[in-house]
Amino acid sequence: MKFLKRKEGFFVNNIELVDPKYDFVFKMLFGSDPEIFISFVNSVLNLEESKAIVDVTFINPELHKEAEDDKAIRLDVLAKLADGDLINIEMQMQNHGHYIKRSLYYWSKVYHSQLKQGENYDTLKKTIAIHVLNFSLFKHSKHYHTEAVVMDAENKVQLTDMFSIHYLDLAKLPSGNYNTLEKWLRFLKQPSKEEVLQMNIPAITKAYKQLENMSLDSGIRARYDAKRKFEHDYVTGLDTAKDEGREEGRKEEKINVVKNLFLAGVSIDIIQTATGLSLAEIHRIQQELNLK
């Protein structure tokens with residue numbers, strides 16, 4: 001497998017490596033391999049060896065809405081530990097606004113999903129959320145790792161360990177002297193293969209090899225390229241619409257992106273993955289454009 005570096009990024013066999021920060025790539029890496037998941041989570045929680053996670057079960061990461069006015073959410077990675085505790089990992093490329101509220105809502109949906117009708121509250125297990133952010137959320141802090149817990153504000157005492165949200169800011173990652181967590185976050189920022197090997201973390205080396213294989217998979221590459229094109233076009237459209245001050249501009253740009261993907265021969269399932277639109281919305285746009 002030939003590996004080289006170019007100005008634009010890292011390549012394997014003349015193919016650019018897919019970015020592990022993209023949602024479905026991130027989910028494939030961290031939501032299917034226990035070794036990779038456990039290594040990363042243990043580094044975030046900084047657990048003592050005797051308390052470290054050793055086993056995990058992945059759960060279908062989709063929480064359906066319970067009422068018409070409720071929101072259905074799709075999580076990146078949701079897993080249950082041997083003791084029943086739940087861990088949700090989210091990778092967020094851009095801040096679309098109200099992210100603190102969004103992260104609280106995601107946590108609450110996971111926590112609430114445990115309780116079945118007729119069950120007592122004492123059956124609820126600890127729920128931990130980990131949000132990896134490709135943007136700076138907390139302007140007041142220089143730290144790349146922020147943990148939110150429930151505290152007694154006056155006495156500065158943590159009231160419960162049932163609630164915990166970790167925010168990891170890739171933009172604030174320090175240079176040099178990496179601990180295990182910093183090495184994982186460095187991996188998400190796409191280092192060279194040589195740097196990965198120097199990290200000497202078996203799970204990170206394994207994740208990098210999987211990233212190389214994913215980059216050479218034609219199906220994954222098609223989804224990745226469509227997703228990247230959509231985000232570029234969509235962000236450009238949002239900026240244009242903002243400048244023009246018109247909601248119609250945003251709608252028109254989204255329609256144009258879907259149209260361009262159709263004309264490029266991209267399948268509906270890949271368009272759905274790339275745009276995040278529902279099948280009903282895509283079919284409606286397809287009908288409006290008289291496309292087969």
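Laboratory data are not the source of any read-out in this text; all were calculated from the coordinates shown. Please read all numbers here as calculations on a predicted model, not as lab measurements. Because the Cβ atoms are built from the backbone with ideal geometry, glycine has one as well, and the counts that use them run over all protein chains shown.
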Q.
So, R0 is 35 Å and r is the distance between the beta-carbons of E16 and N120; what FRET efficiency does that work out to, to 0.05?
A. 0.10
Q. Stretch Q286-S136 to full length: gain in nm at 0.36 nm per residue minus the Cα-Cα span?
A. 50.3 nm
Q) Counting other C-beta atoms within 10 Å, which of I89, I38, I15 has the fewest, and how do the rest follow? A) I15, I38, I89
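Give the order of K116, K126 when sorted by the count of other beta carbons within 10 angstrom, beginning with the fewest.
Final ranking by Cβ density, sparse to dense: K116, K126.
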Q | Of K21/K183; K125/K183; K21/K142; K80/K156; K80/K206; K101/K183, those spanning more than 24 Å from alpha-carbon to alpha-carbon | A | K125/K183; K80/K156; K101/K183
Q: First check a/c for the stretch 8-216, with a ≥ b ≥ c the square roots of the eigenvalues of its C-alpha gyration tensor; if it is under 1.5, answer rounded, and if not, answer prolate when a/b is larger than b/c or oblate otherwise.
A: prolate
**Q.** Relative contact order, percent, the stretch 99-227 [alpha-carbon distance under 8 Å, six or more residues apart]
**A.** 18 percent
Q. How many angstrom separate the Cα center of the stretch 178-198 from the Cα center of the stretch 87-121?
A. 28 Å
Q: Report the GluC sites (Glu not before Pro) located in the stretch 137-216 that are in a DSSP loop and have at most 14 other Cβ atoms inside 10 Å of their Cβ, or state none.
A: E154
Q: Pop the C-beta distance of D152 and S113 into the FRET formula with R0 = 30 Å and round what comes out to the nearest 0.05.
A: 0.65
